[in-house]
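What follows is one structure encoded as structure tokens, with my remarks underneath.
FYI, it's all coordinate maths here, none of it is from the lab. Fair warning: this is a prediction, and the values are worked out from it, not measured in the lab. Glycine also receives a Cβ, built like all others from the backbone with ideal geometry; neighbour counts cover every protein chain displayed.
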Amino acid sequence: QKEVEQNSGPLSVPEGAIASLNCTYSDRGSQSFFWYRQYSGKSPELIMSIYSNGDKEDGRFTAQLNKASQYVSLLIRDSQPSDSATYLCAAQFDNYGQNFVFGPGTRLSVLP
Amino acid sequence: KAGVTQTPRYLIKTRGQQVTLSCSPISGHRSVSWYQQTPGQGLQFLFEYFSETQRNKGNFPGRFSGRQFSNSRSEMNVSTLELGDSALYLCASASRRTDTQYFGPGTRLTVL
């Protein structure tokens, strides 16, 4: 069974600090990985996608992928209170069965 | 390019009734997936449609059904509503089955 796991949190960091969010997945056939941000009562919005091993940076966000360890992470630098939300990790598996699987999400709280 | 739209945004029904929710994907997108999200729960996959065919289905009872039209618009139907069906129903579209999913604003269903 294809699974994506995350710590549910809450993860609390002070304003200006680096927030580190982690995700593991069960299927080595996974090809693409995504981070979504979801504010309370709203729908998920895409932050970043990553397909290759290594780091990918976009502004204050850096996604890291290690396929050998089946591990994906998201770093948020200079965290702001507006970053307080639930962060969902998703994996796109091989094209059979449900091919887009979401983790349960990690709730991040950035304290002013 | 317009985003994913869902109608209605809010819905209140009573137990035993049925409901139909609508999703219009981003122009050119042919894949539509539906998810249920309840408080404290992650995204629970309902089903995925591509080119008018249901490609995958999650572990939901047969009361939940859907369809996709030739213009890629999709509807989902829930019959014989139960209190536990109260949730945020999210639709996501992608240009292909293996591409990034983009979410609509959701329909919040309350069953009384």
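The count of lysine pairs in the protein assembly as shown with alpha-carbon distances below 27 Å, taking only pairs 8 or more places apart or on different chains, stands at 11. The Cα center of the stretch A:45-60 and the Cα center of the stretch B:20-90 differ in position by 28 Å. Peptide B:3-14 has a mean of 0 when you count, residue by residue, the C-beta atoms of other protein chains within 10 Å of its C-beta. For residue A:28 and residue B:5, FRET efficiency with R0 = 35 Å and r from the beta-carbon atoms, rounded to 0.05? Here the calculated transfer efficiency is 0.45.
Using +1 at the Cβ of each Lys and Arg and -1 at the Cβ of each Asp and Glu in the protein assembly as shown, identify which of B:20, A:49, B:60 lies farthest towards the dipole's positive end. The listed residue farthest towards the positive side: B:20. For GluC sites (Glu not before Pro), the sites in the stretch B:14-111 that DSSP calls loop and that have at most 16 other Cβ atoms within 10 Å are B:52, B:82. Residues considered: A:58, A:83, A:27. Largest GNM mean-square fluctuation over chain A, using C-alpha springs under 10 Å, is found at A:58.
Put simply, the Cα atoms of chain B extend 37, 26, 25 Å along their principal axes, the longest span coming first.
Place a label point 7 angstrom from the Cα of residue B:73 along the Cα-to-Cβ direction, then list the residues of the stretch B:83-100 whose backbone nitrogen is under 17 Å away. Backbone N within reach: B:91-93.
Net charge dipole, the protein assembly as shown: roughly 600 debye, given to the nearest 20, about the Cα centre with Cβ charges of +1 for Lys and Arg and -1 for Asp and Glu. Remark: chain A carries a charge dipole of roughly 80 debye about the Cα centre, counting +1 on each Lys and Arg Cβ and -1 on each Asp and Glu Cβ.
Taken one residue at a time, the phi angles of the stretch B:3-12 give Karplus couplings (6.51, -1.76, 1.60, θ = phi - 60°) of x, 6, 10, 10, 9, x, 7, 9, 8, 10 Hz. Gly and Pro are set to x. The label point for residue A:45 and the one for residue A:20, both projected 7 Å from the Cα toward the Cβ, are 2.7 nm apart. Between the residues A:4, A:17, B:90, the greatest Cα displacement towards the positive end of the dipole of the protein assembly as shown, with unit charges on the Cβ of Lys, Arg, Asp and Glu, is found for B:90.
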